[in-house]
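To keep things clear, I will list the structure first and then write my remarks on it.
The values are calculated or read from the model by the stated rules, or taken from the named source; none is laboratory data. Keep in mind that this is a model prediction, so the values were computed, not measured. When we count neighbours, we look across all protein chains shown, and the Cβ atoms used for this are built from the backbone with ideal geometry, even at glycine. To get the accessible areas, we keep the full protein, side chains included, count just its heavy atoms, and leave off ligands, DNA and RNA. Shrake-Rupley method; radii C 1.70, N 1.55, O 1.52, S 1.80 Å.
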Amino acid sequence: MKHSIEARKFFTLLMLLVLLTITMVDFNASATIARKVTKAAQECGNETETLIGLYSVYAPYLTFRYATVLAGLMVIPFFSYKLTDKVLMKLAGSKRFFCTASIFTVALLALCAFHSDGRNIVIIEILYVILGAASVYPRYRQTTAQVHAVSKGTLDRLYRMKYCALEYSTQ
């Protein structure tokens, strides 16, 4: 990945697939639980005590709507290779920024665990994947062949200049 743009693009594509998988699995799990609670509530005739009991049983398994929307919004920039590269290079390039983001993620995990019974965990999972990808994402280094690559037109002009110089020197 240090010398190949294609390898970096493949890495960011795999990262996007992991982020989408996390988001969709969480969304489908919450939707399944919500359908189950709705079906059970309709069967029991929407009695208040039953609805409160159902909600208290299934509440930890339901993700907050804003957490699902925020997770989706966090994944959108990773559809672009350039944005993904900028984000990962910013995280990987600055140890202070990386440590700050890591501390923020751990604090958010503690807040989520104690305050909302883990119903925002999808956001933390996405942040952990992004931080993990940034920790292994190397800086791009051009090889000497890439640095000294000369176009065919430039080579033709240099050849003509040399040929013309040799022709004038022999006369």
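Would you say Asp85 is of a type in the set (Asp, Glu), farther than 28 Å from Arg139 by Cβ and either in contact with a His (Cβ under 6 Å, 6 or more places away or on another chain) or surrounded by 15 or more Cβ atoms within 10 Å (Cβ to Cβ) (or both)? Steps first, answer last, please.
Details: of a type in the set (Asp, Glu): yes; farther than 28 Å from Arg139 by Cβ: no; either in contact with a His (Cβ under 6 Å, 6 or more places away or on another chain) or surrounded by 15 or more Cβ atoms within 10 Å (Cβ to Cβ) (or both): yes.
No.
Look at the range 37-62 and say how many of its residues are open to solvent by 50 Å² or more (accessible area, probe 1.4 Å) and farther than 21 Å from Ser116 by Cα.
Residues in the range 37-62 being open to solvent by 50 Å² or more (accessible area, probe 1.4 Å) and farther than 21 Å from Ser116 by Cα: 9 in total.
Restrict the check to the range 70-79 and report whether at least one residue is under 29 Å from Ala113 (Cβ atoms) and modelled with pLDDT under 90. Don't jump to the end; show me each part of the working.
So the first thing to find is which residues in the range 70-79 are under 29 Å from Ala113 (Cβ atoms), and the list is 70-78.
From what is left, the residues that are modelled with pLDDT under 90 are none.
No, because not a single residue in the range 70-79 is under 29 Å from Ala113 (Cβ atoms) and modelled with pLDDT under 90.
Taking Leu19, is it open to solvent by less than 40 Å² (accessible area, probe 1.4 Å) and within 20 Å of Ala134 (Cα to Cα)? Break it down into steps so the answer makes sense when it comes.
On the way: open to solvent by less than 40 Å² (accessible area, probe 1.4 Å): yes; within 20 Å of Ala134 (Cα to Cα): yes.
Criteria met by Leu19.
Every residue, every condition in (1) assigned to a helix (DSSP H, G or I); (2) within 26 Å of Ser135 (Cβ to Cβ); (3) out of contact with any Ser or Thr (no Cβ under 7 Å at 6 or more places or on another chain); (4) not basic (Lys, Arg), yes or no:
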site: Thr38; (1), (2), (3), (4): yes, no, yes, yes
site: Leu51; (1), (2), (3), (4): yes, no, yes, yes
site: Tyr58; (1), (2), (3), (4): yes, no, yes, yes
site: Leu73; (1), (2), (3), (4): yes, yes, yes, yes
site: Ile76; (1), (2), (3), (4): yes, yes, yes, yes
site: Thr84; (1), (2), (3), (4): yes, yes, no, yes
site: Val87; (1), (2), (3), (4): yes, yes, yes, yes
site: Leu91; (1), (2), (3), (4): yes, yes, yes, yes
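Which residue out of Ala41, Ala92, Ala34 is within 14 Å of the chain's Cα centre (by Cα) and of a type in the set (A, V, I, L, M)? Quick ask: steps written out before the conclusion?
Numbers: Ala41 fails: within 14 Å of the chain's Cα centre (by Cα); Ala34 fails: within 14 Å of the chain's Cα centre (by Cα).
When all the criteria are applied, what remains is Ala92.
If the Cβ limit is 8 Å and pairs must be 6+ apart or interchain, which residue in the range 25-47 that is over 10 Å from Thr63 (Cβ atoms) and of a type in the set (A, V, I, L, M) pairs with which residue that is at pLDDT below 80 and open to solvent by less than 40 Å² (accessible area, probe 1.4 Å)?
Val37/Leu54; Ala40/Leu54; Ala41/Leu54
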